[in-house]
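Here is the structure we will look at, set down as structure tokens.
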Amino acid sequence: MSTDAIVLLKDDHKEMRRLFKAFQDAEEAPPSERQQLVRQIIEALTVHTYLENEVMYPEVRRLVPDVEEDVLESYEEHHVADVLCLELFTLAPDDERYNAKTTVLIESVLHHIQEEEEEWFPKVREALGRNQLQEIGERMIELRRKAPKTPTAPKALKKSLDAVTA
């Protein structure tokens, strides 16, 4: 298994694409089957965004200042995915918005993946050496064991919720 951070993230992307296709192919499946697929999608996305937010993005931001705007945009795209995952996690699979919300999540994540793989990763690979990407990857592998598997409210959402309930 490679420890290259970009290879690890691309492997996650492949798994997400597989899960997305399974969800799309299960259009006529019972709600419980679709819910099981959505739970798998949520877990994969929760772990993946955690690793990027905690390791990859901060390191790239520090080491490759030329991609600062890309990193900031990625953080925001993760925030949107986090909110959708949290909503889906609490939504009943027979809710009329369940499939639509999942489709919006899938479309958003596919857009994010495309930008990362076509624009961002090549810049990062060019700027960082193999050893740096392997060091980052090793930290991601270690952190994966501790990564949350279910969504929690993003910090900005928690602040908003706390203000409303205070």
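Remark: the residue 75-residue 36 segment gains 11.4 nm on full extension, using 0.36 nm per residue and subtracting the alpha carbon distance.
Straight-line reach from residue 149: taking Cα to Cα under 13 Å and skipping same-chain neighbours fewer than 8 places apart, the aspartates and glutamates in range are 43, 82. Sorting 48, 79 by the number of Cβ atoms found within 10 Å of their own Cβ, with the fewest placed first, yields 79, 48.
Each principal axis of the Cα cloud of the stretch 5-165 was evaluated for its coordinate range; sorted largest first, these ranges are 48, 40, 27 Å. Taking all Cα-Cα distances within the stretch 61-146, those exceeding 16 Å account for 65%. Can you pull the one-decimal nm distance between simple spin-label points at residue 63 and residue 28, each 7 Å off the Cα toward Cβ? With each label placed 7 Å out from Cα toward Cβ, I get 5.0 nm.
From least to most packed, judged by other beta carbons within 10 angstrom and beginning with the fewest, 130, 145 follow the order 145, 130.
Each of 94, 12, 82 was scored by other Cβ atoms within 10 Å of its Cβ. Listed from fewest to most, they are 94, 12, 82.
Spin-label pair residue 127-residue 3: with each label point 7 Å from Cα along the Cα-Cβ axis, the two points sit 2.3 nm from one another.
The phi torsions of the stretch 53-58, fed into the Karplus equation with coefficients 6.51, -1.76 and 1.60 and a -60° offset, translate into couplings of 5, 8, 10, 4, 5, x Hz, rounded to whole numbers, with Gly and Pro shown as x. Subtracting the Cα-Cα distance of residue 90 and residue 104 from 0.36 nm times their residue separation leaves 3.4 nm of extension gain.
Laboratory data are not the source of any read-out in this text; all were calculated from the coordinates shown. Model, not experiment: these values are computed from the prediction. Positions of Cβ are backbone-derived with ideal geometry, glycine not excepted, and every protein chain shown enters the neighbour counts.
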